[in-house]
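Read-outs throughout are calculated quantities, based only on the coordinates presented, and are distinct from any laboratory measurement. No experiment lies behind these values; they were computed from the predicted model shown. Positions of Cβ are backbone-derived with ideal geometry, glycine not excepted, and every protein chain shown enters the neighbour counts.
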Amino acid sequence: MRKVLKAIGLICCLAAISLAVSGCSGKSEEIKNELRIALPDDVRGFDPSTSGYTSGIWDVYSLLYDRLVIEDRNKQVVAQLAKSWEVSDDGLTWTFHLREDVEFTSGTKFNAAAVKASFEFLKGKSICPVPLTTKIKSIEVADDYTVKFVLNRPHAPFLADLTDMRYPILAVNDGQPVGTGPYILKEWIKGKEIVLVKNERYWKGVPIIDRIVFKIIPDPHTRSLALEAGEIDLITCYGSPNLKEELQRLQKNPQTVVDTIHNWKVGHHLVFNYKKGPFSDARARKAVSYAIDAQKVKENIVGKYGITGVAHLSPLSPFAKPDIKGYACNLEQAKNYLSEAGWKDSNNDGALDKNGKPFRVKLVITKDDIAAIAEMAQSQLQKVGVEVEIQVLERGAQQKAIEEGNFDLALFTRIYCSGADPHLHFRQIYRSGADERYGYIFKNNELDDLINKLYTTLDNQERVKVYQRIQEVLLENAAAVYLFYEDHVTLYNRRLKNFDPFSGELSTLWQAYLEK
């Protein structure tokens, strides 16, 4: 009887996976040269300037749109639609020399006039908190394939910002943006699937795979089961509460490739409310920084699929300070700082108090966060007498709590940048007056001055020094607890050949093929 019940359960599980990936069109069965990709979220639209961010959206856009320049797997800015470029000595004029063999998928010619029109289309739209288009004074068409951007003032990260997928080169066709990428949008069934077909005009060559179907499968475990069952060929932006165990299991499957890239752009850390409550005292913040064992958190949550946090940027970031010293776990040091701040165990019950009030703090996380991170922090802080209440909120509610200062600690899973330079992250979170949603997260005058220098310092080596000093200031003031940086993981069927995945990009799929 038990064997029969197990068999029925397995059949139900496989049926659920099949329903999750089949959607409602039923067309996928008819296409043999088709690649099926699982996404955790649907897109909100196909205008990159207004659609906002969802997990995997850049993967879709990287197949539809090209940019002037992109960031490669080695974190370098390299040419895409631009062949070369130069900047004037005063940093105000950027000149780009364009490819001459490119067409939009609508058949319109790509040239300097198209670049100008594209940025004029993007200008004024709600792309991000500080749109790059606001930095541009004018765009000049020097000749058919030379375009000049004249800036209002020097903006050092201008080239790096152009790698952001929010600044693709578009042509507007019947009110809808079209690109020059290897695939064309064919169909979008909201909440179910996105269907792309190959662009016969693609400037690098006609893609081998005829059709790509993105299936929306929110649950990470269901996505991985669908991959193993052969219902899905590729999973990008992979994430799971059981990341370490799930990937270890998948790596044992001979039909599955697990591609990992140490990703300096996605980090998990705890931020303090530094304006009110116990963490307005830097000694209490330093105590928590010493009490939490970031290495143990990383090992427990992601194992080898990540890097332990030391400073605000991953040691793999091009802006990291290699020899920077963080807060290695040291419970005695944590207790000393707590004692200096006036927290004592007055009744020997293991819990700290001060002026008759217990050291009890609220840690706010979202439903999408990995709860085990918060639970480990809670357990580790208990060892030094700090009681932590974990409050699980919707993402919008957590943001509101942070904005209103209704928290003591908050778990941040942050994407530091979607381009090649993290300046916007530091400006938004740590510069005074930049974004009042983060007014209760640490700021000071030196940080303000340093962040401002990121925009005016044109020499790259000097900019690296500015970033390094920013990280030192954040550590000196115990602005946050840096836990780990999660690898970018791509899972795919071994039948998929000639594919080189890298963070946030699927553009190399134009040359990939499915082995029979």
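General remarks:
- Checking the cross-link pairs K123/K443; K275/K443; K275/K465; K286/K362 against a 19 Å limit on the alpha carbon distance flags K123/K443; K275/K465 as lying beyond it.
- Our estimate of slack between D500 and K204, defined as 0.36 nm per intervening residue step minus the Cα-Cα distance, is 105.0 nm.
- In this simple spin-label model, placing a label point 7 Å from the Cα along the Cα-to-Cβ direction at both Q295 and D368 gives a separation of 3.2 nm.
- J(HN,Hα) series, the stretch 325-341, from Karplus relation 6.51 cos²θ - 1.76 cosθ + 1.60, nearest Hz, glycine and proline x: 9, x, 10, 5, 4, 8, 5, 5, 5, 4, 5, 5, 5, 5, 5, 4, 7
- Cross-link partners of K344 among aspartates and glutamates (Cα-Cα below 20 Å; sequence separation of 8 or more within a chain): D281, E332, D353, E387, E389, D408
- Links that overshoot a 29 Å alpha carbon limit, given the list K244/K367; K198/K497; K137/K190; K137/K186: K137/K190; K137/K186
- Distant-in-sequence amide H partners of L393 (H built 1.01 Å from N, under 5 Å): I365, T366, K367
- For the stretch 247-361, the Kirkwood estimate of hydrodynamic radius, built from reciprocal distances between every pair of different alpha carbons, is 16.9 Å.
- Shape class of the stretch 321-391 from the Cα gyration tensor (axes a ≥ b ≥ c, square roots of the eigenvalues): oblate, since a/c reaches 1.5 or more and a/b does not exceed b/c.
- Derived scalar couplings ³J(HN,Hα) [the stretch 505-512; Karplus, 6.51 cos²θ - 1.76 cosθ + 1.60; whole Hz; x for Gly, Pro]: 9, 10, 4, 6, 5, 4, 9, 7
- Calculated on alpha-carbon atoms, Rg and Dmax of the stretch 66-177 in Å: 13.4, 41
- Computed over the chain, the Cα gyration tensor eigenvalues convert (square root of 5λ each) into semi-axes of 41, 33, 18 Å, ordered from largest to smallest.
- Segment D449-T93, extension gain: residue separation times 0.36 nm, minus the distance between their alpha carbons: 125.7 nm
- Amide H within-cut-off set for D353, under 5 Å, with H built and near neighbours excluded: K344, D345, S346, F359
- In Hz, Karplus ³J(HN,Hα) per residue of the stretch 78-94 (6.51, -1.76, 1.60; θ = phi - 60°; x = Gly, Pro): 10, 5, 10, 7, 8, 8, 7, 7, 8, 10, 5, 4, 7, x, 9, 10, 10
- As a calculated quantity, the FRET efficiency between S346 and S280 at R0 = 22 Å, using C-beta atoms, amounts to about 0.55.
- Looking at the chain, the DSSP beta bridges with both ends there are about 80 percent antiparallel.
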